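Participant: Below is the structure I would like to discuss, written out as C-alpha cells.
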Amino acid sequence: MVYRAVHQRKVGLKSGRGLPGGEIEVRIWIAEVGPEAVRLLPALLERLEAGGRTRVLRMVREGDRALHGVAQVLLRQALASAGMMAPRFRRGPHGKPELEAAGAAAALRFNLTHTDGLAACALVRGHEVGVDAEALDRQVDPDALAPSVLVEEERAMLRRSRTPVETFLDLWTVKEAVAKAAGLGLQLPLSSVRVTLDPLRLRFTPELGWDEAGWHVERHRPTPRHSLALALRRPAGWTVAARLHRVRVEDLA
Ligand SMILES: CC(C)(COP(=O)(O)OP(=O)(O)OC[C@H]1O[C@@H](n2cnc3c(N)ncnc32)[C@H](O)[C@@H]1OP(=O)(O)O)[C@@H](O)C(=O)NCCC(=O)NCCS
C-alpha cells in the first residue's frame with residue numbers, strides 16, 4: 001500500500017513540560033501532464049464512473065479534458081491506495097469536493113489542483129487540506145492582480161524580486177492552498193492571508209479569527225516549471241510529514 005495514514009501520537013517530553021504532539025502524514029500525488037495525455041484520454045475515461053466522466057467531458061478544449069481526466073484518475077488512485085475503492089463525492093457549502101463516506105473512510109480528506117502540465121492531489125486523514133499549483137510560465141500580470149490579492153509588504157517583496165512573476169505565483173499558491181483548505185476557494189479575500197516566503201510564514205487578518213499556530217504550510221517545486229503549496233489545518237504543535245508521490249500518466253491510463 002503506497003499511502004500510509006498515521007496519527008502517531010508521540011509521548012510528550014519526559015520532563016512533562018512539552019505539549020503532547022503527533023505527526024500527520026500527507027501524501028501529495030503528482031502527475032506531469034504532457035501532450036501524450038490527449039492520446040490516453042479514452043483509457044483515462046474508462047477508469048472513471050459516469051459522474052467523473054461527465055466532469056471531464058464538460059471541458060471544451062481537448063487539452064483541458066486530458067488534464068482533468070488525469071486529475072480525476074489520480075484522485076481515485078490516491079483514494080484507492082488508502083482503501084477507498086468506489087468513492088462517492090459531494091460538495092461542501094462553498095463548493096469544496098469531499099467524500100461521502102462512513103466509518104474510518106469518513107476521515108479521509110483530499111484536495112485537487114490542476115494547472116498547465118501538472119495535476120496534483122493531496123490526501124490526509126482527519127485534517128482539512130488544500131493544495132494549489134501554478135505553472136510558472138503562465139501569462140500573468142502581477143501589477144494588475146497585486147492590488148486585490150497582495151498586501152503592501154507582499155507588494156514590496158514583488159518590487160524587490162528579480163523574478164516578480166515567480167514570486168507572485170509563489171505567494172498566490174500559498175494563499176490559494178489556505179483558501180482551499182478552509183473550503184472557501186476565492187470566497188476568501190486573498191489579501192486576508194499574509195505570506196512571507198523566506199522563511200515561509202502565514203499571518204491572518206483579525207477578522208478571520210484564525211490562529212496561525214493551527215496551520216501548516218509548505219512549498220514545493222514538483223517540476224522546474226511548477227510551484228505547489230500545501231496547507232493544512234492541524235492542532236498546534238503537531239508536525240506534518242508530506243511526501244510527494246509521482247505517478248506517470250501512462251500508469252494511470
Ligand atoms: C475553484 C478554486 C477553488 C480553485 O481554482 P483554480 O486555482 O483555478 O484551480 P485548481 O486546479 O487549483 O483547483 C480546482 C479544484 O479545487 C477543488 N475545489 C473547488 N472548489 C473548492 C473549494 N471551495 N475549496 C477547496 N477546493 C475546491 C476542486 O477539486 C477543483 O477541481 P475540480 O473542479 O476538477 O474537481 C477557486 O479558488 C478559483 O476559482 N480560483 C481562480 C483561479 C485564478 O483566478 N487563478 C489565477 C492565478 S494567477
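Coordinate-derived values only; no laboratory data. Worth saying up front: this structure is predicted, and the values here are computed from it rather than measured. In this analysis, Cβ positions are derived from the backbone assuming ideal geometry, glycine residues included, and neighbour counts consider all displayed protein chains.
Participant: Packing-wise, with mean Cβ within 10 Å as the measure, how do 63-71, 117-125 rank, highest first?
Facilitator: Ranked from most to least packed, the peptides come out as 117-125, 63-71.
Participant: Between Val38 and Arg221, what length in nm is gained on full extension when 0.36 nm per residue of separation is reduced by their alpha carbon distance?
Facilitator: 63.4 nm
Participant: Also: Taking square-rooted eigenvalues a ≥ b ≥ c of the alpha carbon gyration tensor, is segment 113-253 rounded, prolate or oblate, where a/c under 1.5 means rounded and, failing that, a/b exceeding b/c means prolate?
Facilitator: Here segment 113-253 falls in the oblate category.
Participant: If neighbour count is taken as other Cβ atoms inside 10 Å, put Met85, Met157, Met59 in order from fewest to most.
Facilitator: In order of increasing Cβ crowding within 10 Å: Met85, Met59, Met157.
Participant: Just check segment 147-211 against the gyration tensor rule for me: Cα atoms, a ≥ b ≥ c as the square roots of the eigenvalues, rounded for a/c under 1.5, and otherwise prolate or oblate depending on whether a/b exceeds b/c.
Facilitator: In terms of gyration-tensor shape, prolate.
Participant: What does the C-alpha gyration tensor say about the overall shape of segment 76-168? Classify as rounded when a/c is under 1.5, otherwise prolate if a/b is larger than b/c, or oblate.
Facilitator: Prolate, since a/c reaches 1.5 and a/b exceeds b/c.
Participant: Where does the chain land at 222 nm, in deg cm²/dmol rounded to the nearest 500, when only DSSP H runs of n ≥ 4 count, each adding -39500 (n - 2.57), divided by all residues?
Facilitator: Helices in the chain give a 222 nm mean residue ellipticity of -9500 deg cm²/dmol.
Participant: Give me Val26, Val140, Val247 sorted ascending by neighbouring Cβ count inside 10 Å, so fewest comes first.
Facilitator: With the fewest neighbours first, Val26, Val140, Val247 line up as Val140, Val247, Val26.
Participant: Using alpha-carbon positions, what is the distance between the centroids of segment 75-102 and segment 144-223, in Å?
Facilitator: 27
Participant: Write down the radius of gyration of the chain and its Dmax, each obtained from C-alpha positions, in Å.
Facilitator: 18.6, 61
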